[in-house]
Amino acid sequence: MKAYKDMSKDELLTLKAALEEEFKEEEAKGHNLNMARGKPGFSQLDLAMPMLDVVNSTSDMRTVLGNDTRNYGDLDGIGECRRLMADMMGVQKDNVVVCGNSSLNIMYDTVSRSMTKGVNGSTPWCKLDKVKFLCPVPGYDRHFAITEFFGIEMINIPLNDDGPDMDLVEKYVSEDAAIKGIWCVPKYSNPTGISYSDEVVKRFANLKPAAEDFRIYWDNAYCIHHLYDDMQDEILNILDECEKAGNPDMVYMFSSTSKISFPGSGVSAVASSKANIDFIEAQMTIQTIGHDKINQLRHSRFFKNIDGLKAHMKLHAKLLRPKFEAVLNTLESELAGLEIGTWVKPRGGYFVSFDALPGTAKNIVAKCKALGVVLTGAGATFPYGKDPQDSNIRIAPSFPTPEEMLAASKVFVLCVKLASVEKLLDEMN
């Protein structure tokens, strides 16, 4: 295929006319497809339905230690669920607190607590002139929404194939005491699908922050979310590496079963050092009597152990692979060689990240919407919703069926082609 940039103006105009005809044909089909958010599809949710039969009115509601899950107690979560989540996250049980259904809730609470009570005795952030966070981009829009909500200044950090640009991270963290944290999705990152290399993890663990209350917000959301049995990314354990580096308190790790069991009714957890966990629990004793222990019991009895979790995730992968392949195969067959976009081929997680020609992402998303295909808003993967290049688009293949995903992918590449031709013609003019 001839690259679009190598085409003459007449060739581009001819191509534009043909693409506009295709656009009209797709418009007539009346698509109604949504790949905006990483929601599990119906068939994935069905996998966990037997969990609802594990605990009923005739069940023994006591934990393995004999505690009654219907009553008060176990503020940090029931023991068997703490063990399950610890094994999933690759950490020690004593370093884990199991909370409600949302890890995002824990992250919000952690930032909020830092604003009002400081970090392990440091000055509350609300009393400081300036608080800043580093944000690897493209990244997770809900992370950025939390820090923006609290008025925290966000600084973009480029995300490379092996993780954030650590030269920049080290420079900012060591030189500016106003920098209090960094958002990270270290495995099958949202949205690029990349995983942090061993070197990147070690450099994180060995940071020398100017601020004593600097923390790494390590959102390990996709820690067991592989797409393939024979191609799986593994990352070093950041808690272990921080301990080795003499920085045991520098990281909070978050995870949940949101995309394992039920997104609205899973369990979440935070893992950290003893000092950090003690500080978190001191607030929790004021904030809540305890989280839903019956739900924790339900999860523990259904999955039983880490092997049960992994077996369940293989069922998820079997359902997700055809959807991801519908996207990736369409991108490869339709766009390879045209030099109007690049994309990542993830081995796990929930997204495909696409970088279009600079200045075309908003146009592509708008064109897709006009054809009945809803995408995540252009710019959403950057702080304040502002992509400086207007090029990154996050594709979420999980919710539509494979057939719907194939149709949506064809619409997407058509819109990429048309927006790219328009951009190149504008530049010529």
Conditions: (1) crowded, with 21+ Cβ neighbours inside 10 Å; (2) under 30 Å from GLU325 (Cβ atoms); (3) hydrophobic (A, V, I, L, M, F, W, C). ILE216 meets all but one. Number of the miss?
-> (2)
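Residues are listed down the side, and each one gets a yes or a no for (1) closer than 21 Å to THR288 by Cα; (2) polar (S, T, N, Q):
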| residue | (1), (2) |
| --- | --- |
| ARG70 | yes, no |
| CYS81 | yes, no |
| MET85 | yes, no |
| VAL98 | yes, no |
| SER103 | yes, yes |
| ASP109 | yes, no |
| PRO124 | no, no |
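Residues checked against (1) over 26 Å from SER300 (Cα atoms); (2) of a type in the set (A, V, I, L, M); (3) open to solvent by 40 Å² or more (accessible area, probe 1.4 Å):
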position	(1), (2), (3)
LEU45	no, yes, yes
MET49	no, yes, yes
GLY66	no, no, yes
ASP87	no, no, yes
GLY100	no, no, no
LYS127	yes, no, yes
Search result, residues across region 378-414 that are without any contact (Cβ under 8 Å) to a residue 60 or more places away in the chain and either touching a Lys or Arg at 6+ places or on another chain (Cβ under 6 Å) or assigned to a loop (DSSP other than H, G, I, E, B) (or both) = ALA378, GLY379, LYS386, GLN389, ASP390, SER391
Consider only pairs whose beta carbons are under 6 Å apart and that are at least six residues apart or on different chains; among these, list those whose first residue lies in region 48-65 and is closer than 11 Å to ILE294 by Cβ and whose second residue is among the basic types (Lys, Arg) and open to solvent by 100 Å² or more (accessible area, probe 1.4 Å).
-> MET61/ARG70
Report yes if ASN276 is surrounded by 14 or more Cβ atoms within 10 Å (Cβ to Cβ), within 30 Å of CYS242 (Cβ to Cβ) and over 21 Å from the mean Cα position of the chain (by Cα), otherwise no.
-> yes
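Could you check, for region 55-65, whether at least one of its residues is of a type in the set (D, E, K, R), at positive phi and part of a loop (DSSP other than H, G, I, E, B)?
Of region 55-65, the ones of a type in the set (D, E, K, R) are 60, 62.
In the following step, the residues that additionally are at positive phi were identified as none.
Within region 55-65, none of the residues are of a type in the set (D, E, K, R), at positive phi and part of a loop (DSSP other than H, G, I, E, B).
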Do we find a residue being open to solvent by 40 Å² or more (accessible area, probe 1.4 Å) and among the small types (Gly, Ala, Ser) anywhere in region 24-32?
-> yes
Which listed residue is within 18 Å of ARG37 (Cβ to Cβ), open to solvent by less than 60 Å² (accessible area, probe 1.4 Å) and polar (S, T, N, Q), from SER391, SER398 = SER398
Test set (1) touching a residue at least 60 places away in the same chain (Cβ under 8 Å); (2) in contact with a strand residue (DSSP E or B) (Cβ under 8 Å, 6 or more places away or on another chain); (3) buried (at least 18 other Cβ atoms within 10 Å of the Cβ) - ILE224 fails condition number = (2)
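State whether the residues of region 345-353 include one that is free of Cβ contacts under 8 Å to residues at least 12 places away in the same chain and of a type in the set (Val, Ile, Thr). It would help to see each step written out before you state the result.
So the first thing to find is which residues in region 345-353 are free of Cβ contacts under 8 Å to residues at least 12 places away in the same chain, and the list is none.
The answer is no; no qualifying residue exists.
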Is one or more of the residues making up region 110-124 modelled with pLDDT of 95 or more, within 20 Å of the chain's Cα centre (by Cα) and closer than 30 Å to ILE286 by Cβ?
-> yes
With respect to ILE393, determine if the residue is under 25 Å from LEU134 (Cβ atoms) and of a type outside the set (S, T, N, Q).
-> yes
Among the numbered conditions (1) surrounded by fewer than 23 Cβ atoms within 10 Å (Cβ to Cβ); (2) within 18 Å of SER122 (Cβ to Cβ), tell me where TYR252 comes up short.
-> (1)
Residue list for region 306-350, restricted to those being outside any helix (DSSP H, G or I), within 22 Å of TYR196 (Cα to Cα) and open to solvent by less than 10 Å² (accessible area, probe 1.4 Å) = PRO346, GLY348, GLY349, TYR350
Mind counting the residues in region 354-368 that are surrounded by fewer than 22 Cβ atoms within 10 Å (Cβ to Cβ) and not charged (D, E, K, R)?
-> 4
Any chance THR110 is open to solvent by less than 10 Å² (accessible area, probe 1.4 Å) and out of contact with any Leu (no Cβ under 8 Å at 6 or more places or on another chain) | yes
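For region 229-245, enumerate the residues that are open to solvent by 40 Å² or more (accessible area, probe 1.4 Å) and within 22 Å of VAL270 (Cβ to Cβ). Reasoning before the result, please.
So in region 229-245, the residues open to solvent by 40 Å² or more (accessible area, probe 1.4 Å) come out as 229-232, 234, 236, 240, 243-244.
The answer is GLU234, LEU236, ASP240, GLU243, LYS244.
The values are calculated or read from the model by the stated rules, or taken from the named source; none is laboratory data. Only a predicted model underlies this, so the values are computations on that prediction, with no experimental measurement involved. When we count neighbours, we look across all protein chains shown, and the Cβ atoms used for this are built from the backbone with ideal geometry, even at glycine. In case anyone asks, the SASA skips ligands and DNA or RNA and just uses the protein heavy atoms, side chains included. Shrake-Rupley method; radii C 1.70, N 1.55, O 1.52, S 1.80 Å.
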